[in-house]
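Right, one structure below, let's go through it.
The values are calculated or read from the model by the stated rules, or taken from the named source; none is laboratory data. Keep in mind that this is a model prediction, so the values were computed, not measured. Because the Cβ atoms are built from the backbone with ideal geometry, glycine has one as well, and the counts that use them run over all protein chains shown. When the accessible area is computed, the model is the full protein with side chains, heavy atoms only, and any ligands, DNA or RNA have been set aside. Shrake-Rupley method; radii C 1.70, N 1.55, O 1.52, S 1.80 Å.
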Amino acid sequence: MRVRQGSIRDWPFMYSLGKINIPDSASPWRKQPLEETLKYREAVLKGFWTWIQQTGSIVFIAEAAAEDVNDNTPIMEPGGNQSLGYLVLHPSSREELTGVYQGWIMDFGVLPEWRGQKIGEKLLKAAEEYCRQHNIAYLGLACSSHNIPALHLYEKSGFVEERKIMVKCL
């Protein structure tokens, strides 16, 4: 398994996985039907690659080669590398209260059948390494509070809670 910098060729994979991950990320407090949420997310995703290019954001792609597969790994398509996950890093985001520049993880996903195989950890490490190499002192992200597996991954990777976003159903 390796992590490489992504390109426009990876966009179909990212678009597809971005839609798959919505049920894991959408807040249960928002009573909007999932179909409406998916429709909104699809509209956002349609312009996402353009936004990535315009902002100088970096895409990391985790992929496996045929030689990476063993008896415990999910089945891959024959003949070549398979994309397993992606992470989009916005390297010049500004923290909203202090104005301090930071890296910000804009989007992040791993194929469901590959979760638990340390793919997410490797993508996070790639983003951290990029930030260190570019003297970016902070790396932030947002996560829905009900997404317990993602929260565990982030905490295990050294992220700490800095702020809470709260909502009240009216």
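Odds and ends about this structure:
- Exposed loop sites here mean GluC sites (Glu not before Pro) with a DSSP loop assignment and at most 10 other beta-carbon atoms within 10 Å; the chain contains its longest site-free run at 1-95.
- Prolate is the label for segment 40-170, because a/c, from the alpha-carbon gyration tensor with a ≥ b ≥ c as root eigenvalues, is 1.5 or above and a/b exceeds b/c.
- Around the Cα centre of the chain, unit charges on the Cβ atoms of Lys, Arg, Asp and Glu (plus for the first two, minus for the last two) sum to a dipole of about 480 debye.
- Accessible area per residue, Å², the chain with all protein chains present, probe 1.4 Å: 65
- Rounded to whole numbers, the Karplus 3J(HN,Hα) couplings from phi for segment 159-169 are 6, 10, 6, 10, 8, 10, 9, 10, 9, 10, 6 Hz, using 6.51 cos²θ - 1.76 cosθ + 1.60 with θ = phi - 60°, and x at Gly and Pro.
- For the pair HIS134 and TYR101, the difference between a 0.36 nm per residue extended length and the Cα-Cα distance amounts to 10.7 nm.
- Accessible surface, 1.4 Å probe, highest first, among residues SER92, SER144: SER92, SER144
- Of the chymotrypsin sites (Phe, Trp or Tyr not before Pro) found in segment 77-170, those in coil by DSSP whose Cβ has at most 16 other Cβ atoms within 10 Å are TYR138, PHE159.
- Nearest-20 debye value, segment 120-170 charge dipole, Cβ charges on Lys, Arg, Asp, Glu: 140
- Distance from the Cα centroid of segment 94-126 to that of segment 45-65 is 13 Å (rounded to whole angstrom).
- Based on Cα contacts under 8 Å between residues 6+ apart, segment 9-138 shows a relative contact order of 22 percent.
- Helix-derived mean residue ellipticity, 222 nm - over the chain, DSSP H n ≥ 4, -39500 (n - 2.57), to 500: -10000 deg cm²/dmol
- Accessible area, probe 1.4 Å, largest first, for residues LYS46, LYS168, LYS19: LYS168, LYS46, LYS19
- Charge dipole (segment 50-170, unit charges on Cβ, about Cα centre) - positive-most of TYR154, GLY80, CYS169: CYS169
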